[in-house]
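Visitor: Got a structure for you, questions after.
The values are calculated or read from the model by the stated rules, or taken from the named source; none is laboratory data. Everything numeric in this text was worked out from a predicted model, so none of it was measured. Counting neighbours? That spans all protein chains shown, and the Cβs are built from the backbone with ideal geometry, glycine included. These area figures cover heavy atoms from the full protein model, side chains too; ligands, DNA and RNA do not enter into them. Shrake-Rupley method; radii C 1.70, N 1.55, O 1.52, S 1.80 Å.
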Amino acid sequence: MLARFIDFTHASPSAFHAADRVAAALVEQGFSLIDATAPDSPAAPGGHVLVDGGAVIAWWVPENPNPRFRIVGSHTDSPGLMAKPQPDFEREGLRQVAVEVYGGPILQSWLDRDLRFAGRVVTDDGAQHLVDTGAVARIPNLAIHLYRADAPTVNRQAHTQPILGGNRPLMELVGEAAGVDPQRILSHELITADAQRGELLGELLAAGRLDNLTSVWASLEALLAAKDSARDILVLAAFNHEEVGSSSTTGAGGPLLERVLHRIAREIGEPFEVFAQSFQVSADAAHAVHPNYPEKHDPTHRPRLNAGPVLKINANQRYASDAVTEAEWLRACRAAGVPSQTFVGNNDVPCGSTIGPISATRMGIRTVDVGVPLLSMHSARELCGADDMEYFVKALTAFYAAAGQ
């Protein structure tokens with residue numbers, strides 16, 4: 001299982017690659033790839049999958065389904081450095097790439113790493129092409145001899161521009177990797193990704209983009225495991241742009257999932273009633289307690305690596321969990337035979353958020369926030385427990401199967 005997950009992370013250096021990999025895996029298992037405007041019935045029995053701009057929505061309809069959805073929502077994007085529209089420039093005899101900070105990366109973690117650029121390009125015929133350059137760039141640290149004090153702050157503009165390893169401009173490398181003439185590329189969305197594959201460190205797994213490919217991959221595995229015994233309509237929704245607020249056509253704040261669910265609901269019942277009976281898991285990485293900074297966590301809620309998936313709760317609605325959905329999740333963990341943990345933030349430490357409150361508010365579907373515990377969240381290379389991936393797949397499978405209902 002872990003070997004497949006490591007392969008998935010390495011093959012998904014951008015949101016566009018992650019969505020494509022999920023869709024390809026489902027099509028291989030008999031799901032039908034459809035267009036958003038397809039006239040086909042979305043409620044026809046079997047599997048369906050839709051890819052749109054780095055987001056992927058998939059659903060499984062059993063014969064004579066219960067009139068409700070079981071949804072696992074996640075996101076395909078991760079923080080990093082996006083190439084600007086005119087990315088190529090030179091300084092001090094070296095080729096560099098002009099980048100813009102995407103989301104909230106730990107900037108220091110991107111220094112002294114072999115970087116690739118990945119994403120999509122659009123050519124003059126309107127065609128979209130996935131691209132992954134492989135390792136081509138690096139952001140070198142300043143030598144300690146030149147400051148001889150604590151590490152200097154990384155300036156978001158001055159200090160984040162990668163150096164290319166050769167004498168060719170980035171867009172020439174991109175065109176070659178995409179198999180197109182660089183002169184035909186009209187636009188691009190390219191983000192940095194750590195070129196190193198994920199590695200097992202004993203019982204721990206180090207890899208890039210664990211936030212939130214842990215959830216994307218676990219929901220894919222769970223959907224395939226649960227579909228043949230399902231009675232509810234099972235939905236996988238992996239959105240783009242969560243790291244920058246979800247306000248886009250392919251983000252959780254956009255209409256993509258709602259449109260799909262309304263089309264299905266109209267064929268199996270009254271949409272309001274279908275939505276009222278449905279449940280959603282918002283699956284996103286959780287904060288494991290850091291052994292070097294234990295004071296950052298609440299003294300009574302301290303998630304640990306390899307101790308099970310984390311239920312995330314916030315009284316100020318930064319997470320969508322409530323007593324009803326919390327119990328739904330805990331029943332799924334119990335049915336799957338996996339341990340569970342709870343995260344509640346330290347009152348003195350700001351709390352992040354997820355797609356959960358956004359999606360729940362937009363659709364009116366009861367939602368719980370959960371995730372795999374991580375260390376180094378938003379680093380170029382993050383750390384999770386190897387056992388937690390298996391635990392999470394089992395718990396999501398039980399949720400999809402409505403075990404214990």
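Visitor: Pull up all non-local amide H partners of Arg68: gap of 5 or more, or a different chain, and H-to-H distance under 5 Å with H placed in the peptide plane.
Guide: Residues meeting the amide H criterion: Ile233.
Visitor: Counting only other residues whose beta carbon sits under 9 Å from that of Asp88, what net charge do I get with K and R as +1, D and E as -1? Could the numbers behind the result be given before it?
Guide: On the way: positive: Arg95; negative: Glu90, Glu172.
In short, -1.
Visitor: Additional query: Could you work out the local net charge near Gln183, counting Lys and Arg as +1, Asp and Glu as -1, over the other residues with Cβ closer than 11 Å to its Cβ?
Guide: Numbers: positive: Arg184; negative: Asp124, Glu172, Asp181.
With Lys, Arg at +1 and Asp, Glu at -1, the net is -2.
Visitor: Separate question: Within segment 302-323, list the residues whose amide N lies under 20 Å from a label point set 7 Å along Cα→Cβ of Arg362.
Guide: Residues passing the 20 Å test: 317-322.
Visitor: Separate question: Considering only C-alpha atoms, what is the centroid distance from segment 44-73 to segment 279-341, in Å?
Guide: Segment 44-73 and segment 279-341 have Cα centres spaced 26 Å from each other.
Visitor: Could you list the trypsin sites (Lys or Arg not before Pro) in segment 100-164 that lie in coil according to DSSP, counting only those with at most 10 other Cβ atoms within 10 Å of their Cβ?
Guide: Values: sites: Arg113, Arg116, Arg120, Arg138, Arg148, Arg156; in loops: Arg113, Arg148, Arg156.
In loop regions of segment 100-164 (DSSP not H, G, I, E or B), the sparsely surrounded trypsin sites (Lys or Arg not before Pro) are Arg148.
Visitor: Something else: Ranked from the most accessible area to the least, with a 1.4 Å probe and all protein chains present, what is the order of His145, His241? Present the calculation step by step, with values, prior to reporting the outcome.
Guide: Details: His145 125, His241 45 Å².
Descending order: His145, His241.
Visitor: Under the Karplus relation 6.51 cos²θ - 1.76 cosθ + 1.60, θ = phi - 60°, what is the ordered set of whole-Hz ³J(HN,Hα) values for segment 275-292, x standing for Gly and Pro?
Guide: 5, 5, 8, 8, 10, 10, 9, 8, 9, 8, 4, 10, 8, 7, 5, 8, x, 8
Visitor: Which of the peptides 330-336, 313-319 is most tightly packed, and how do the rest follow, judged by the mean count of other Cβ atoms within 10 Å per residue? Kindly include the intermediate steps, with their values, before the conclusion.
Guide: Values: 330-336: 20.1, 313-319: 16.6.
The peptides rank, most packed first, as 330-336, 313-319.
Visitor: Please give the per residue volume of the convex hull enclosing the alpha carbon atoms of segment 80-194, rounded to a whole number of Å³. Could the numbers behind the result be given before it?
Guide: Numbers: hull volume 11.4 nm³, N = 115.
Measuring per residue, one finds 99 Å³ for the Cα hull of segment 80-194.
Visitor: Amide H neighbours of Phe343 under 5 Å, counting only residues 5+ apart in sequence or on other chains, H built in-plane at 1.01 Å?
Guide: For Phe343, the qualifying residues are Leu311, Lys312, Ile313.
Visitor: Here's another thing I want to ask about it. Using helices alone, what [θ] at 222 nm do you get for the chain, with -39,500 (n - 2.57) per DSSP H run of 4 or more residues, divided over all residues and rounded to the nearest 500?
Guide: On the way: 9 runs with 107 residues, N = 405.
So the helix-based figure for the chain works out to -8000 deg cm²/dmol.
Visitor: Could you run the Karplus curve 6.51 cos²θ - 1.76 cosθ + 1.60 with θ = phi - 60° over segment 236-246 and give me ³J(HN,Hα) per residue in whole Hz, x for Gly and Pro?
Guide: My calculation for segment 236-246 gives 10, 10, 10, 8, 9, 6, 5, 5, 10, x, 6 Hz in order.
Visitor: Enumerate the lysines that Lys296 could reach by cross-link, defined here as Cα to Cα under 30 Å, with residues fewer than 8 away along the same chain left out.
Guide: Those lysines meeting the cut-off are Lys312, Lys394.
Visitor: If you don't mind, another one. According to a simple spin-label model (label point 7 Å from Cα along Cα-to-Cβ), what is the distance in nm between Asp125 and Arg156?
Guide: 4.0
Visitor: For Thr250, what is the net charge nearby, where nearby means another residue's Cβ is under 10 Å from its Cβ and Lys, Arg count +1, Asp, Glu -1? Present the calculation step by step, with values, prior to reporting the outcome.
Guide: Numbers: positive: none; negative: Asp52, Asp77.
Result for the neighbourhood of Thr250: -2.
Visitor: When only DSSP loop residues count, what chymotrypsin sites (Phe, Trp or Tyr not before Pro) in segment 72-177 have their Cβ near at most 16 other Cβ atoms within 10 Å?
Guide: Details: sites: Phe89, Tyr102, Trp110, Phe117, Tyr147; in loops: Tyr147.
Sites meeting the loop and neighbour criteria: Tyr147.
Visitor: Now, a different point. What residues have an amide H closer than 5 Å to that of His287, excluding those fewer than 5 places away on the same chain, when H is modeled at 1.01 Å from N in the peptide plane?
Guide: Leu374
Visitor: Additional query: Estimate the FRET efficiency between Phe89 and Ala225 by the formula 1/(1 + (r/R0)^6), using the beta-carbon distance for r and 56 Å for R0, to the nearest 0.05.
Guide: Working: r = 49 Å, r/R0 = 0.87.
Computed FRET efficiency for Phe89 and Ala225 comes out at 0.70.
Visitor: Rank Asp35, Asp211, Asp348 by accessible area, highest first, at a 1.4 Å probe radius?
Guide: My answer, sorted largest first, is Asp348, Asp35, Asp211.
Visitor: Would you give the gap between the C-alpha center of segment 349-389 and the C-alpha center of segment 115-194, rounded to a whole Å?
Guide: 28
Visitor: On the full set of protein chains, 1.4 Å probe, figure out the accessible area of Thr300 and give it in Å² to the nearest 10.
Guide: Surface accessible to solvent at Thr300 totals approximately 110 Å².
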